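Colleague: A single structure is presented below for examination.
Read the figures in this text as sums done on the coordinates, not as results from a lab. Not measured: the values here are computed from a predicted model.
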Amino acid sequence: MATLQAAIIPVTAFQQNCTILFDEEEKKGVVVDPGGDVERIQAALEKGGISVEAIWLTHGHIDHAGGAMDMKEALGVPIVGPHQDDRELLSNLETQAQMFSLPDPVRNVTPDRFLIEGETVSFAGHSFQVFHCPGHAPGHVVFYNDNAKFAHVGDVLFNGSIGRTDLPGGNHDALIRSIKDKLLPLGDDVGFLCGHGPGGRFGDERRNNPFLTGQGQ
């Protein structure tokens, strides 16, 4: 049986978890959220002997999408996602870079296709359901693989916390609804990786995350 694996490469000053999802046997996979340091990501792919089929974006913030166009050109693969509600963020990445005074040039991103709620994306026989989970960003999506009981949640949910909602397009109430209505019902046993820091399990977050139990700000 094919085995789904994940490798995390923290990138840029934001220490964003660029994630390589791949099939252990076939060595085929996708790069999720290449926010920058593209050469480091490529080195990890080469070391692992992994062939990339696509770039998946969870949302349009610079720390997640800043290196997407360079990686697309380097690998010759399409950019898939996020939801079209992040089109404006993706078309203003150069402005975001100036706002943060980033040293390296950043390019605006034009995905090859946007994603919608309920569709599936896949590689090497591993299918992921797409959930549109606004709140941190208007067009944020989450990728969920039912066979592995695994989700890549980007910046929607963190271990013990949730995504920021004070950035343009952020909405705290929408974010909590996304988590409680779409993610937690998938089951307590679902493991997740996120955009920053360690991952966890939905059950632990449901029971202990202060923002979900009513104890957070």
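Colleague: In percent, what relative contact order does the stretch 70-172 have, based on Cα pairs under 8 Å that are 6 or more apart in sequence?
Modeller: Here the relative contact order equals 22 percent.
Colleague: Please give the calculated 222 nm ellipticity per residue for the chain, where each DSSP H segment of at least 4 residues contributes -39500 (n - 2.57) and the sum is spread over every residue; nearest 500 deg cm²/dmol?
Modeller: Helices in the chain give a 222 nm mean residue ellipticity of -5500 deg cm²/dmol.
Colleague: Which whole-number percentage describes the relative contact order of the chain, with Cα contacts under 8 Å and a sequence gap of 6 or more?
Modeller: 14
Colleague: Could I ask something else about it? Excluding same-chain pairs closer than 8 in sequence, count the lysine pairs in the chain whose Cα atoms lie under 22 Å apart.
Modeller: Eligible lysine pairs with Cα atoms under 22 Å apart amount to 9.
Colleague: Quick one, what does Rg over Rh come out to for the chain if you take C-alpha atoms and the Kirkwood Rh?
Modeller: My calculation puts Rg/Rh at 0.94.
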